[in-house]
Amino acid sequence: MAARDLLKIEAFHYKLDSVSDEAFEKYVHEVLTPKWIALVKRHNVVRYTSTIAPSTFAKEFGPVVEQTRPGWQMNEAHLTITYYVRNFEEMKAIVSDPGRLAI
């Protein structure tokens, strides 16, 4: 299956300012990851990724993005979960799954 035949879904998570990066990363690994892995298995997802960004990343890299790409903005999410699926039916199944609300 060629990459052009896949659809991509991204979910962005933001931590509270009162939560440290270390505590957020622990929460992601111990609580969120098992939940989204279960979602992936239930819907036979082709590929998935999880990316954690430190709190300082957007503040430090944002000005670089704005300078090199005027009008662009840095996404300030602390966690991005990306799912790749084969078709819109699979996409609908994931976004309508009641279990995704727990993620």
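Tabulated results
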item: Mean residue ellipticity (222 nm) of the chain, computed from DSSP H runs ≥ 4 via -39,500 (n - 2.57), nearest 500; result: -11500 deg cm²/dmol
item: The chain: radius of gyration and largest Cα-Cα distance (Dmax), Å; result: 15.6, 43
item: For the range 25-99, with +1 on Lys and Arg beta carbons and -1 on Asp and Glu, the positive-most of Q67, A53, W36 along the dipole; result: W36
item: Cα centre as origin, Lys/Arg/Asp/Glu Cβ charges: the chain dipole, Debye; result: 440
item: The chain, relative contact order [Cα under 8 Å, separation at least 6], %; result: 47
item: Backbone HN-Hα couplings from phi across the range 27-35 [Karplus 6.51/-1.76/1.60, Hz, Gly and Pro as x]; result: 4, 4, 5, 8, 10, 6, 4, x, 5
item: Charge context of M74, other residues only, Cβ under 13 angstrom, K/R +1, D/E -1; result: -1
item: Listed residues V85, V19 arranged by accessible area, highest first, probe 1.4 Å; result: V19, V85
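The values are calculated or read from the model by the stated rules, or taken from the named source; none is laboratory data. This one's a predicted model, so the numbers in the text were calculated from it and none came from an experiment. Because the Cβ atoms are built from the backbone with ideal geometry, glycine has one as well, and the counts that use them run over all protein chains shown. Areas reflect the complete protein model, heavy atoms only, side chains present, ligands, DNA and RNA absent. Shrake-Rupley method; radii C 1.70, N 1.55, O 1.52, S 1.80 Å.
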